[in-house]
Structures are given as C-alpha cells and as structure tokens.
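The values are calculated or read from the model by the stated rules, or taken from the named source; none is laboratory data. Keep in mind the model is a prediction, meaning the values are calculated, not measured. Cβ coordinates were reconstructed from backbone atoms using ideal geometry, including for glycine residues, and neighbour counts include every protein chain displayed.
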Amino acid sequence: MTLDEYKRKRRFDATPEPPPEVQEKSGHRFVVQMHRATQLHYDFRLELDGVLKSWAVPRGPSLDPADKRLAMQVEDHPVSYFDFEGIIPEGNYGAGTVLVWDLGTWRPLSPVPVNGQYLPGTDAEAKAMLSKGDLKFRLDGRRLKGDFALVRMRTRRPGSKGNEWLLIKKHDAHEVEDYDIDHYDTSVLTDRTLDGIAGDDGSREWRSRPTSRGKLKAAWLADAVAKLDQKKAESAGKKGPSSTRRSAKKKQNKRGKQSA
Ligand code: MN
C-alpha cells in the first residue's frame with residue numbers, strides 16, 4: 001500500500017490536507033466528503049490496509065436500491081483525511097471546499113449470502129472482493145446505514161481508465177425509496193454548509209497562513225479554535241480589527257435590506 005499518487009498530486013506546503021502517511025494499524029472507519037471543486041461530487045472512502053480506499057461519486061450515495069451511482073475510483077488517501085473539512089486553496093489539486101457529509105464504521109460482508117443474508121466477512125475477503133471488483137460491505141454511519149456493494153463496471157468506454165464502479169444500496173431495513181441527498185447539505189461534524197465553510201473568516205485566515213496552526217491538521221478544528229480565540233478577545237474587551245470590520249459589514253447589510 002502506498003500513497004505515492006496522493007503525494008505526487010499535492011504540495012503540502014500549499015494545501016491544508018494531511019501528509020501521505022500509511023497507518024500501521026487499520027480500523028474500519030468510513031467517511032463521505034462533499035467536495036465542491038470544479039464540479040460538486042461526494043468522495044466515498046473506506047479505511048482498509050492503512051489507507052482510505054477512495055471513490056468520487058458525482059451524484060453522491062443513495063439509500064434507494066433502485067439508484068446505481070457511478071463511482072470513479074481515485075488514489076488512496078491517508079487515514080488522517082478522515083475528518084478533513086475546509087478549503088483547498090486555488091491552484092492546488094482538488095481546489096475548493098470540503099465538508100464531512102457522513103462518517104462512521106464499516107465492515108466487509110462475506111462474498112456469498114447464506115440463506116439470503118450476508119454475514120460479516122474478513123479484511124482478507126474484502127481485499128479479494130476489491131481486486132475482483134465486487135465489494136460487499138455494511139455501513140454504520142450517521143446518514144448511511146445498511147448493506148451496500150461497490151461493483152466495477154465491465155464495459156469500458158473508449159478512453160476509460162477502467163476505474164468506473166457502481167455504488168449500490170442493497171435491500172434491507174435501512175433502504176429509503178426516492179432518497180434525496182439534497183435534503184442533507186450540512187457537515188455531520190460542524191453542522192456547517194459548504195457556503196458556511198467557504199465563507200468562514202477563520203478558514204480564510206487559516207488558508208492564508210497554513211503553517212501558523214500546523215498542529216491543527218483539520219481546517220474545521222482550526223476554525224473552531226479561531227472562533228474561540230475571537231470570543232475570548234471580545235469578552236476581554238479587546239476588539240481586534242477583524243471584529244470591527246465584521247460589525248461594519250453587518251451594518252452595511254442591514255442598510256442594504258432596508259433599501260431593498
Ligand atoms: Mn474530491
């Protein structure tokens with residue numbers, strides 16, 4: 001398992017994304033990140049073998065078994081990408097805004113059902129199913145629950161890299177007919193929307209000085225800390241220039257509304 005491709009695509013002095021480190025011990029976490037880059041998509045990531053196996057899902061996952069969602073396999077990501085939320089600055093690979101749309105744990109299922117039921121499987125079975133192109137697994141997230149399959153497509157368009165999979169919900173107690181992903185547009189970590197993350201003063205400050213909060217890997221954490229710092233400063237009666245700017249902006253907005 002290597003993160004060479006992940007590393008090759010990024011400059012870590014210019015992006016707040018975590019460094020390419022392979023974990024020795026693997027857990028079974030998963031994350032779905034809503035990513036507003038050139039095009040809005042959802043990144044679906046499963047922790048396996050010390051990395052996050054990753055797929056970009058243009059329309060996002062669905063709890064409706066009738067939906068077969070195209071999922072383009074992309075480079076493995078480091079496990080520490082798990083809670084990455086924030087802004088990837090312009091000029092970087094994947095530039096845009098990232099929101100943690102769902103997270104939780106997953107487990108592989110046995111490749112063959114027993115009496116119509118899929119039983120828990122092993123990591124070895126998961127790896128074999130992955131290379132075969134038919135991975136069955138169970139999710140226990142905040143939004144996504146139940147049994148799923150990732151199936152590699154056999155038909156190849158001309159120019160296709162063979163990285164096209166389908167993400168499919170299996171029939172079970174967690175399926176939802178006509179599932180509408182647009183009803184869920186907030187972060188499960190911070191309750192913010194993409195616009196909230198993109199317009200956050202803390203994020204912007206952090207983006208312009210990526211090394212100043214080097215210990216805080218996750219941008220959302222840096223944002224929270226920045227807000228706390230600001231509150232502290234305000235309660236101590238030491239209003240900085242940024243809070244003055246903000247209240248001036250607020251007044252402007254009010255005026256705008258009155259005249260509208
Ligand atoms: Mn992405």
- Message: Suppose the filter is within 14 Å of the chain's Cα centre (by Cα) and within 20 Å of L48 (Cα to Cα); does L103 pass it?
- Response: yes
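Run down F82, F44 and say which single residue is at pLDDT below 95, crowded, with 17+ Cβ neighbours inside 10 Å and closer than 24 Å to Q23 by Cα.
On the way: F44 fails: at pLDDT below 95.
One residue alone meets the criteria, F82.
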- Could you say whether any residue in region 49-61 is within 26 Å of A128 (Cβ to Cβ), within 11 Å of the ligand (Cβ to nearest atom), of a type in the set (D, E, K, R) and assigned to a strand (DSSP E or B)? no
- Query: With V31, V22 as the choices, which residue is surrounded by 21 or more Cβ atoms within 10 Å (Cβ to Cβ) and under 22 Å from L3 (Cβ atoms)?
  - Reply: V31
- Do you know which residues across region 137-165 are buried (at least 20 other Cβ atoms within 10 Å of the Cβ) and among the acidic types (D, E)? D147
- Note on the structure: Those residues of region 2-19 which are within 16 Å of the ligand (Cβ to nearest atom), farther than 18 Å from L130 by Cβ and in contact with a strand residue (DSSP E or B) (Cβ under 8 Å, 6 or more places away or on another chain) amount to K9, T15, P16, E17, P18
- Message: Checking the condition closer than 22 Å to D83 by Cα, out of contact with any Lys or Arg (no Cβ under 9 Å at 6 or more places or on another chain) and at pLDDT 95 or above, which residue from S187, S203 passes?
- Response: S187
- Item | Residues of region 24-43 satisfying the condition of being within 14 Å of the chain's Cα centre (by Cα) and near the ligand (Cβ under 10 Å from one of its atoms) | Q33, M34, H35, R36, A37, L40, H41, Y42, D43
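For residues in region 24-41 being in a loop (DSSP other than H, G, I, E, B) and out of contact with any Asp or Glu (no Cβ under 8 Å at 6 or more places or on another chain), which is farthest from D147 (Cα to Cα)? Steps first, answer last, please.
So in region 24-41, the residues in a loop (DSSP other than H, G, I, E, B) come out as 24-28, 37-39.
Narrowing the set further to residues that are out of contact with any Asp or Glu (no Cβ under 8 Å at 6 or more places or on another chain) leaves 24-25, 37-39.
Working: E24: 27, K25: 25, A37: 29, T38: 31, Q39: 28 Å.
Filtering region 24-41 for residues that are in a loop (DSSP other than H, G, I, E, B) and out of contact with any Asp or Glu (no Cβ under 8 Å at 6 or more places or on another chain), the one farthest from D147 (Cα to Cα) comes out as T38.
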- Message: For the structure I just gave you, tell me whether A149 is assigned to a helix (DSSP H, G or I) and closer than 26 Å to K25 by Cα.
- Response: no
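So, of the residues in region 62-86 that are in a strand (DSSP E or B) and within 12 Å of the chain's Cα centre (by Cα), which turns out to be farthest from the ligand (Cβ to nearest atom)? Working first, answer last.
Here is the first cut: in region 62-86, the residues in a strand (DSSP E or B) are 68-78, 86.
Checking the rest, the ones that are also within 12 Å of the chain's Cα centre (by Cα) come to 77, 86.
Details: H77: 9, G86: 13 Å.
If we take residues in region 62-86 being in a strand (DSSP E or B) and within 12 Å of the chain's Cα centre (by Cα), then G86 is farthest from the ligand (Cβ to nearest atom).
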- Query: What single numbered condition from (1) surrounded by 14 or more Cβ atoms within 10 Å (Cβ to Cβ); (2) over 20 Å from L103 (Cβ atoms) fails to hold for D180?
  - Reply: (1)
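Confirm whether V112 is aliphatic (A, V, I, L, M), more than 16 Å from the ligand (Cβ to nearest atom), assigned to a loop (DSSP other than H, G, I, E, B) and free of Cβ contacts under 8 Å to residues at least 12 places away in the same chain. Break it down stepwise before answering.
Values: aliphatic (A, V, I, L, M): yes; more than 16 Å from the ligand (Cβ to nearest atom): yes; assigned to a loop (DSSP other than H, G, I, E, B): yes; free of Cβ contacts under 8 Å to residues at least 12 places away in the same chain: yes.
For V112, the condition - aliphatic (A, V, I, L, M), more than 16 Å from the ligand (Cβ to nearest atom), assigned to a loop (DSSP other than H, G, I, E, B) and free of Cβ contacts under 8 Å to residues at least 12 places away in the same chain - is met.
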- Pairing a residue in region 8-33 that is within 28 Å of I181 (Cβ to Cβ) with any residue that is among the basic types (K, R) and buried (at least 20 other Cβ atoms within 10 Å of the Cβ), where Cβ atoms lie under 6 Å and the two sit 6 or more apart in sequence or on different chains, gives V31/R45
